[in-house]
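Student: If you scroll down you'll find the structure; I have some questions about it.
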Amino acid sequence: MESDKLSEDLMIDFEKSGGLVPAIAQDVRTGAVLMLAYMNREALKTTLREGRACYWSRSRRELWRKGATSGDVQVVREVRVDCDQDTILLLVDQTGKGACHTGEWTCFYSRITPQGEIEKIDDERTA
(Lines give C-alpha, C1' and ligand atoms only; values in the text may rest on other atoms or scores of the structure.)
Protein backbone atom coordinates (compact mmCIF):
# COMPACT_ATOMS: atom_id res chain seq x y z
CA MET A 1 0.00 0.00 0.00
CA GLU A 2 1.35 3.39 -1.00
CA SER A 3 0.98 6.60 0.95
CA ASP A 4 1.84 10.08 -0.16
CA LYS A 5 4.50 11.93 1.77
CA LEU A 6 3.60 15.56 2.40
CA SER A 7 6.33 16.19 4.95
CA GLU A 8 8.96 14.24 6.82
CA ASP A 9 6.49 13.31 9.58
CA LEU A 10 3.08 13.14 7.89
CA MET A 11 1.88 10.31 5.68
CA ILE A 12 -1.66 10.50 4.30
CA ASP A 13 -3.11 7.26 2.93
CA PHE A 14 -4.86 8.52 -0.21
CA GLU A 15 -4.75 5.11 -1.86
CA LYS A 16 -6.93 3.36 0.73
CA SER A 17 -10.06 4.92 -0.80
CA GLY A 18 -9.08 5.36 -4.42
CA GLY A 19 -7.17 8.61 -4.13
CA LEU A 20 -9.59 10.51 -1.88
CA VAL A 21 -9.81 10.96 1.88
CA PRO A 22 -12.74 12.40 3.86
CA ALA A 23 -12.21 15.96 5.05
CA ILE A 24 -14.32 17.34 7.88
CA ALA A 25 -14.60 21.10 8.34
CA GLN A 26 -15.17 22.19 11.94
CA ASP A 27 -15.76 25.70 13.24
CA VAL A 28 -12.59 26.62 15.16
CA ARG A 29 -14.52 28.81 17.63
CA THR A 30 -17.63 26.75 18.39
CA GLY A 31 -16.57 23.22 17.53
CA ALA A 32 -19.64 22.79 15.29
CA VAL A 33 -19.18 20.33 12.44
CA LEU A 34 -19.78 22.35 9.28
CA MET A 35 -19.43 19.88 6.43
CA LEU A 36 -17.88 16.73 5.05
CA ALA A 37 -16.11 16.74 1.71
CA TYR A 38 -13.21 14.88 0.12
CA MET A 39 -9.61 15.75 -0.63
CA ASN A 40 -7.09 14.30 -3.00
CA ARG A 41 -3.36 14.99 -2.72
CA GLU A 42 -3.60 18.18 -4.78
CA ALA A 43 -6.51 19.57 -2.73
CA LEU A 44 -4.62 19.05 0.52
CA LYS A 45 -1.45 20.63 -0.84
CA THR A 46 -3.47 23.59 -2.13
CA THR A 47 -5.19 23.98 1.24
CA LEU A 48 -1.85 23.96 3.07
CA ARG A 49 -0.28 26.38 0.61
CA GLU A 50 -3.18 28.88 0.40
CA GLY A 51 -4.60 28.65 3.93
CA ARG A 52 -8.12 28.31 2.51
CA ALA A 53 -10.10 25.09 2.21
CA CYS A 54 -9.82 23.36 -1.13
CA TYR A 55 -11.60 20.07 -1.78
CA TRP A 56 -12.09 17.61 -4.63
CA SER A 57 -15.54 17.81 -6.19
CA ARG A 58 -16.64 14.25 -6.89
CA SER A 59 -19.52 15.42 -9.09
CA ARG A 60 -17.53 17.92 -11.17
CA ARG A 61 -14.31 15.92 -10.95
CA GLU A 62 -12.18 19.00 -10.29
CA LEU A 63 -10.61 21.00 -7.48
CA TRP A 64 -13.19 23.01 -5.56
CA ARG A 65 -11.95 26.08 -3.70
CA LYS A 66 -14.62 26.57 -1.06
CA GLY A 67 -16.15 30.01 -1.52
CA ALA A 68 -14.66 30.73 -4.95
CA THR A 69 -18.09 31.46 -6.40
CA SER A 70 -20.26 31.89 -3.28
CA GLY A 71 -17.87 33.97 -1.18
CA ASP A 72 -18.40 31.53 1.72
CA VAL A 73 -14.68 30.93 2.27
CA GLN A 74 -13.22 28.66 4.92
CA VAL A 75 -10.01 30.13 6.33
CA VAL A 76 -8.00 27.20 7.64
CA ARG A 77 -6.54 27.70 11.12
CA GLU A 78 -5.30 24.14 11.70
CA VAL A 79 -5.18 20.83 9.84
CA ARG A 80 -5.40 17.58 11.79
CA VAL A 81 -5.23 13.97 10.71
CA ASP A 82 -6.80 10.94 12.40
CA CYS A 83 -4.93 8.00 13.92
CA ASP A 84 -5.11 5.94 10.70
CA GLN A 85 -3.96 8.94 8.66
CA ASP A 86 -6.87 8.55 6.25
CA THR A 87 -9.20 11.36 7.39
CA ILE A 88 -8.50 15.09 7.55
CA LEU A 89 -10.01 17.54 10.04
CA LEU A 90 -9.89 21.22 9.10
CA LEU A 91 -10.41 23.74 11.90
CA VAL A 92 -11.76 26.76 10.04
CA ASP A 93 -13.11 30.26 10.35
CA GLN A 94 -16.23 30.07 8.19
CA THR A 95 -17.11 33.28 6.38
CA GLY A 96 -20.20 34.40 4.51
CA LYS A 97 -23.60 32.72 4.82
CA GLY A 98 -22.15 29.41 5.96
CA ALA A 99 -20.70 26.13 4.81
CA CYS A 100 -23.72 24.55 3.14
CA HIS A 101 -24.73 25.17 -0.47
CA THR A 102 -28.35 25.43 0.77
CA GLY A 103 -27.49 28.63 2.63
CA GLU A 104 -27.39 27.01 6.07
CA TRP A 105 -24.42 27.62 8.36
CA THR A 106 -23.71 23.88 8.60
CA CYS A 107 -24.59 21.01 6.28
CA PHE A 108 -25.74 19.09 9.37
CA TYR A 109 -28.91 21.10 9.99
CA SER A 110 -31.24 18.08 10.14
CA ARG A 111 -31.58 15.17 12.51
CA ILE A 112 -33.29 11.81 12.35
CA THR A 113 -35.85 11.32 15.10
CA PRO A 114 -36.28 7.99 16.92
CA GLN A 115 -39.31 7.50 14.65
CA GLY A 116 -37.07 7.75 11.58
CA GLU A 117 -38.28 11.17 10.45
CA ILE A 118 -35.95 13.94 9.33
CA GLU A 119 -36.44 17.30 11.01
CA LYS A 120 -34.59 20.59 10.79
CA ILE A 121 -32.77 21.73 13.91
CA ASP A 122 -31.80 25.21 15.07
CA ASP A 123 -28.72 26.98 13.73
CA GLU A 124 -25.64 25.73 15.63
CA ARG A 125 -23.83 29.08 15.36
CA THR A 126 -23.01 31.07 18.42
CA ALA A 127 -22.58 34.80 18.11
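Student: Given (1) modelled with pLDDT under 95; (2) closer than 23 Å to ILE121 by Cα; (3) surrounded by 13 or more Cβ atoms within 10 Å (Cβ to Cβ), where does HIS101 come up short, assuming only one miss?
Tutor: (3)
Student: In the set LYS16, LYS5, which member is touching a strand residue (DSSP E or B) at 6+ places or on another chain (Cβ under 7 Å) and either among the hydroxyl-bearing types (Ser, Thr, Tyr) or at pLDDT below 95 (or both)?
Tutor: Details: LYS16 fails: touching a strand residue (DSSP E or B) at 6+ places or on another chain (Cβ under 7 Å).
Result of the check over LYS16, LYS5: LYS5.
Student: Which one of the conditions (1) more than 23 Å from GLY19 (Cβ to Cβ); (2) β-branched (Val, Ile, Thr); (3) touching a helix residue (DSSP H, G or I) at 6+ places or on another chain (Cβ under 7 Å) does THR102 fail to meet, given that it meets all the rest?
Tutor: (3)
Student: Among what's in region 104-127 and is of a type in the set (A, V, I, L, M) and at pLDDT below 95, pick the residue that is farthest from VAL28 (Cα to Cα). Break it down stepwise before answering.
Tutor: Initially, region 104-127 is screened for residues of a type in the set (A, V, I, L, M), giving 112, 118, 121, 127.
Still in the running and at pLDDT below 95: 121, 127.
On the way: ILE121: 21, ALA127: 13 Å.
Of everything passing the filter in region 104-127, ILE121 is farthest from VAL28 (Cα to Cα).
Student: Just for region 75-108: of the residues that are in contact with a Gly (Cβ under 9 Å, 6 or more places away or on another chain) and free of Cβ contacts under 8 Å to residues at least 40 places away in the same chain, which one is farthest from GLY51 (Cα to Cα)?
Tutor: GLU104
Student: Quick check: is even one residue across region 113-123 surrounded by 12 or more Cβ atoms within 10 Å (Cβ to Cβ) and either without any contact (Cβ under 8 Å) to a residue 60 or more places away in the chain or out of contact with any helix residue (DSSP H, G or I) (no Cβ under 8 Å at 6 or more places or on another chain) (or both)? Talk me through it step by step, then tell me what you get.
Tutor: So in region 113-123, the residues surrounded by 12 or more Cβ atoms within 10 Å (Cβ to Cβ) come out as 123.
Among the residues that remain, those that are also either without any contact (Cβ under 8 Å) to a residue 60 or more places away in the chain or out of contact with any helix residue (DSSP H, G or I) (no Cβ under 8 Å at 6 or more places or on another chain) (or both) are: 123.
Yes; the residues of region 113-123 include at least one that is surrounded by 12 or more Cβ atoms within 10 Å (Cβ to Cβ) and either without any contact (Cβ under 8 Å) to a residue 60 or more places away in the chain or out of contact with any helix residue (DSSP H, G or I) (no Cβ under 8 Å at 6 or more places or on another chain) (or both).
Student: Another one. Considering only residues that are assigned to a loop (DSSP other than H, G, I, E, B) and among the small types (Gly, Ala, Ser), which ones fall in region 90-111? Write out each step before concluding.
Tutor: Step one: of region 90-111, the residues assigned to a loop (DSSP other than H, G, I, E, B) are 95-109.
Of everything in region 90-111, those that are assigned to a loop (DSSP other than H, G, I, E, B) and among the small types (Gly, Ala, Ser) turn out to be GLY96, GLY98, ALA99, GLY103.
The values are calculated or read from the model by the stated rules, or taken from the named source; none is laboratory data. Since we're looking at a predicted model, the values are computed, not measured. Don't worry about glycine lacking a Cβ; one is built from the backbone with ideal geometry, like all the others, and counts go over all protein chains shown.
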